[in-house]
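S.K.: Could you have a look at this structure, given as structure tokens, before my questions?
The values are calculated or read from the model by the stated rules, or taken from the named source; none is laboratory data. This is a predicted model, so every value here is computed, not measured. Here the Cβ positions follow ideal geometry from the backbone for every residue, glycine too, while neighbour counts run over all protein chains shown.
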Amino acid sequence: MRIMRDQHILLLGLKSYLVKCAGRFDCEFGGMDLKKLVGKPFGTKIKLGKEQFTVVQPTVVDFMFKLAKRAPQVILPKDASTILAVTGVDKDATVVDAGTGSGFLSMFLANYVGKVYTYEKRKEFYRHASKNIKNSGLKNIFPKFADISKGIKEKNVDLIVLDLEGPEKIIKLAEKALKPGGWLTVYCLHVEEVQAVCKELSKRSFGEPKILESIQRSWQIHVGKRTWTRPRSLMIGHTGFLVFARKF
């Protein structure tokens, strides 16, 4: 793990808190001086009030959702993990991500691949994401304050992910930057955008696109004298569409 050496997760069932080993921490269960965590191994048990917490090592997802500041919309782990599963990129892969937004996708991918170069043309988002990336502790992300429509400097790229307005306009540039066998992934909010992307892909050296929609629904279970299970939410978790195409 390459992230947040000085931070810990206090874990109790579904409750968890991301803390640093300094200052004081208080929650609804009680409080403690966090200096007491210094030198303690992960797996240590601590008492907060009447409850016993376990100290565990945080993951990049813990950081993303508990500490990093988000823009209004980010690619969620269910879609980010689908990108990894479909493309099969590995620890040596070079990835280009555009636009950066809050840096969430870049941080998620950087935990699994070799290098991530991320393009963002909006200054406020670039600054915001750069701060998140620096705080994450990940050293293999390279933020670029640049408009990707002006050109992709990286060559022989394993994966390019586009999450921006008018992605079909970038496909020609992506084709040149990708290595043979490399993947292009486009995150689309609307079916009409999917259509525009697929139309442009048909003009280029890409195989037949794969279009996926990842839907998740959380469930809850009550265990007692009478055990019952039901959806935690009746809402189906649609976020967007993922278009995958491989360069030949």
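S.K.: Got a sec? Which of LYS150, LYS134, LYS172 is charged (D, E, K, R), without any contact (Cβ under 8 Å) to a residue 24 or more places away in the chain and more than 24 Å from PHE63 (Cβ to Cβ)?
M.R.: After applying the criteria, what remains is LYS150.
S.K.: Considering region 67-111 alone, what residues qualify as being part of a helix (DSSP H, G or I), within 13 Å of the chain's Cα centre (by Cα) and over 20 Å from PRO143 (Cβ atoms)?
M.R.: If the condition is that a residue be part of a helix (DSSP H, G or I), within 13 Å of the chain's Cα centre (by Cα) and over 20 Å from PRO143 (Cβ atoms), then PRO77, LYS78, ASP79, SER81, THR82, LEU84 are the ones that fit.
S.K.: Hey, among the residues in region 206-236 that are free of Cβ contacts under 8 Å to residues at least 60 places away in the same chain, aliphatic (A, V, I, L, M) and in contact with a strand residue (DSSP E or B) (Cβ under 6 Å, 6 or more places away or on another chain), which one's surrounded by the most Cβ atoms within 10 Å (Cβ to Cβ)?
M.R.: The qualifying residue surrounded by the most Cβ atoms within 10 Å (Cβ to Cβ) is ILE211.
S.K.: LYS153: in the same structural domain as ALA110 (by TED's automatic domain parsing) and under 28 Å from VAL113 (Cβ atoms), yes or no?
M.R.: So LYS153 passes the test.
S.K.: If you go through region 33-58, how many residues are under 29 Å from the mean Cα position of the chain (by Cα) and in a strand (DSSP E or B)?
M.R.: Result for region 33-58: 4.
S.K.: Could you grab the pairs with beta carbons closer than 7 Å, sequence gap of 6+ or different chains, first residue in region 175-189 and at positive phi, second one at pLDDT 95 or above?
M.R.: Every condition considered, the pairs that remain are GLY181/ARG246; GLY181/LYS247.
S.K.: Quick one: in region 15-32, which of the residues that are part of a strand (DSSP E or B) and more than 29 Å from the chain's Cα centre (by Cα) is farthest from LYS50 (Cα to Cα)?
M.R.: By that ranking, first place goes to ARG24.
S.K.: Turning to a different aspect of this structure: For region 157-164, does any single residue satisfy the condition of being out of contact with any Gly (no Cβ under 7 Å at 6 or more places or on another chain), free of Cβ contacts under 8 Å to residues at least 60 places away in the same chain and of a type outside the set (Gly, Ala, Ser)?
M.R.: There is no residue in region 157-164 that is out of contact with any Gly (no Cβ under 7 Å at 6 or more places or on another chain), free of Cβ contacts under 8 Å to residues at least 60 places away in the same chain and of a type outside the set (Gly, Ala, Ser).
S.K.: For LYS203, state whether it is assigned by TED's automatic domain parsing to the domain that holds GLY181, surrounded by fewer than 13 Cβ atoms within 10 Å (Cβ to Cβ), touching a helix residue (DSSP H, G or I) at 6+ places or on another chain (Cβ under 8 Å) and under 14 Å from GLU168 (Cα atoms). Give the derivation first.
M.R.: Working: assigned by TED's automatic domain parsing to the domain that holds GLY181: yes; surrounded by fewer than 13 Cβ atoms within 10 Å (Cβ to Cβ): yes; touching a helix residue (DSSP H, G or I) at 6+ places or on another chain (Cβ under 8 Å): no; under 14 Å from GLU168 (Cα atoms): yes.
No; evaluated as a whole, the condition is false for this residue.
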